[in-house]
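Report on one structure; see the data block that follows.
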Amino acid sequence: MANCVYCGSLLTRHQAFAGTTCDHWRCREKRLNSQLVAHRTEAARVLAVTRPERFPIAVVPHGLQELVPLAAGSRLMLAGFLHGLLDAVAEEADPEPSAAVQDPGDSPALAAHLGRVCAVCRGYCCHHGAAHNAFLDRKTLLRFQAARPDLPMDGVIAVYLDLLPDRHCRDACLYQGAQGCVLPRGMRADICNGYECGGLKAARASFDPASGGYAYVAVRHDHRIQRSAFVEDQVIRPYPVDDPTQGPAEGSRSAHDDSPDG
Ligand code: SF4
Ligand code: SF4
């Protein structure tokens with residue numbers, strides 16, 4: 001007979017075998033928070049980071065890193081998709097600039113901070129861009145063209161195709177290159193510019209402009225903390241330090257970076 005360490009309810013045999021908490025979401029959340037704090041403490045000890053409590057915790061998913069050459073067939077498929085958008089009914093046309101392209105509330109420091117959080121994640125959400133042609137749509141193409149009225153639509157498509165990287169992340173969006181999205185912000189779909197996972201929202205909420213930005217980014221996958229990193233000002237300190245799967249210390253793999261508006 002054992003009881004949940006948080007709510008005191010009697011544990012089932014299975015729960016008692018698995019640990020010391022019940023399955024109520026509040027208790028599971030407390031258990032996760034406890035694990036995250038312990039992980040941060042251990043990482044700080046190894047990396048000699050003082051006062052780890054300065055680093056608010058942000059939990060992000062685990063993006064893949066392996067790069068593969070851009071296949072000719074993938075390029076052709078995207079070209080076909082983009083040309084198909086040209087033939088779409090004109091009622092979809094909306095050349096109004098998207099409010100999501102550039103958040104006017106984001107200072108350069110905040111945008112860079114969020115970019116570093118995404119860099120630790122390695123752009124998990126861009127994985128979904130593979131099945132959705134980088135989320136591109138007619139409206140996005142028209143928005144891009146609106147700033148270049150001399151450019152015909154097939155010229156717009158040529159610009160998009162020219163920007164495809166030689167290598168992209170396996171099973172992810174074709175535009176996800178070694179250092180993140182290669183499309184300028186102004187050429188990305190609204191969802192690419194606006195999406196934030198829970199971890200990124202947490203990093204945004206805890207950002208302190210006076211400090212330059214602190215975060216402890218925990219990468220969670222399969223219900224486990226796989227790796228993590230301290231983000232401090234312009235530095236990313238990965239833990240474990242010898243993790244061969246760690247990405248570059250700087251740069252973003254996602255929609256959130258400080259790349260120029262295009
Ligand atoms: S928003 Fe950033 S941190 Fe969240 S899944 Fe996408 S790349 Fe990762
Ligand atoms: S942000 Fe860039 S890499 Fe990610 S899904 Fe959008 S276009 Fe693809």
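The values are calculated or read from the model by the stated rules, or taken from the named source; none is laboratory data. Since the model is a prediction, treat every value here as computed from it, not as a measurement. Positions of Cβ are backbone-derived with ideal geometry, glycine not excepted, and every protein chain shown enters the neighbour counts.
Remarks
- Condition met for VAL117 (among the aliphatic types (A, V, I, L, M) and farther than 17 Å from MET187 by Cβ): yes
- Odd one out for GLY177, checked against (1) over 18 Å from VAL60 (Cβ atoms); (2) at pLDDT below 85: (2)
- The range 167-205, residues that are away from ligand 2 (no atom under 15 Å from the Cβ) and surrounded by fewer than 15 Cβ atoms within 10 Å (Cβ to Cβ): GLY198, LYS201, ALA205
- One residue from ASP162, ASP222, ASP257 being at pLDDT below 95, within 16 Å of ligand 2 (Cβ to nearest atom) and of a type in the set (D, E, K, R): ASP257
- Among the residues of the range 114-130, the ones that are surrounded by 24 or more Cβ atoms within 10 Å (Cβ to Cβ), more than 21 Å from VAL235 (Cα to Cα) and small (Gly, Ala, Ser) come to 1 in all.
- Filtered residue count, the range 48-68, keeping only those that are touching a helix residue (DSSP H, G or I) at 6+ places or on another chain (Cβ under 6 Å) and within 16 Å of ligand 2 (Cβ to nearest atom): 3
- Selected residue [among the charged types (D, E, K, R) and at pLDDT 90 or above] from ARG31, ARG13: ARG31
- The set of residues in the range 129-158 that are within 16 Å of ligand 1 (Cβ to nearest atom) and in contact with a helix residue (DSSP H, G or I) (Cβ under 8 Å, 6 or more places away or on another chain) comprises GLY129, ALA134, PHE135.
- If you go through the range 1-23 and keep only what is under 20 Å from ARG220 (Cα atoms) and surrounded by fewer than 14 Cβ atoms within 10 Å (Cβ to Cβ), you end up with ALA18, GLY19, ASP23.
- On inspection, LEU64 passes the criterion of being farther than 24 Å from GLY212 by Cα, surrounded by 14 or more Cβ atoms within 10 Å (Cβ to Cβ) and either touching a Ser or Thr at 6+ places or on another chain (Cβ under 6 Å) or at pLDDT below 90 (or both).
- Note on the range 127-214: enclosed helices (runs of 4 or more DSSP H) holding 3 or more residues that are of a type in the set (A, V, I, L, M) and out of contact with any Gly (no Cβ under 7 Å at 6 or more places or on another chain) are 138-146, 153-162, 198-206.
- The single residue among ALA93, ALA79 that is in the same structural domain as ARG170 (by TED's automatic domain parsing), at negative phi and at pLDDT below 95 turns out to be ALA93.
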